[in-house]
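*Asks:* A single structure is presented below for examination.
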Amino acid sequence: MATVTFDTLKFAERLEKAGMTREQAAAIAEAQKDAFAEALDSTLATKSDIGVLDAKVDKLSWMMGILIAIAVANFAKQFF
């Protein structure tokens, strides 16, 4: 779970200065904090995600190397 640094008090005070009640401002600030946390949890990659991706990239690079070697061998076979 990602940690969100969001100053809810400052945000709520700003909303109060704009004319909202304290309760409304506090509720909106908490909702905003939760929305940020949810967005970060669903969009940021973790170390395990990156490890899986690295393994897939390694496998793909081996496969591409083999395919290129086969293509070069076929080319050489046709012309030599």
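The values are calculated or read from the model by the stated rules, or taken from the named source; none is laboratory data. Just so we're clear, the structure is a prediction, and the values are computed from it rather than from any experiment. So basically every Cβ, Gly included, is an ideal-geometry build from the backbone, and we count neighbours across all protein chains shown.
*Asks:* I'd like to know if segment 5-16 contains one or more residues that are within 27 Å of the chain's Cα centre (by Cα), among the acidic types (Asp, Glu) and surrounded by 10 or more Cβ atoms within 10 Å (Cβ to Cβ).
*Replies:* Yes, that holds for at least one residue.
*Asks:* For ALA76, work out the one condition from (1) over 18 Å from the mean Cα position of the chain (by Cα); (2) surrounded by 10 or more Cβ atoms within 10 Å (Cβ to Cβ) it doesn't fulfil.
*Replies:* Every condition holds for ALA76 apart from (2).
*Asks:* Specify the residue that is nearest to the chain's Cα centre (by Cα); the eligible residues are those in segment 35-73 that are over 30 Å from THR8 (Cβ atoms) and among the β-branched types (Val, Ile, Thr).
*Replies:* ILE50
*Asks:* Residue under question is THR21, and the condition is that it be at pLDDT below 90 and among the polar types (S, T, N, Q); does it hold?
*Replies:* No.
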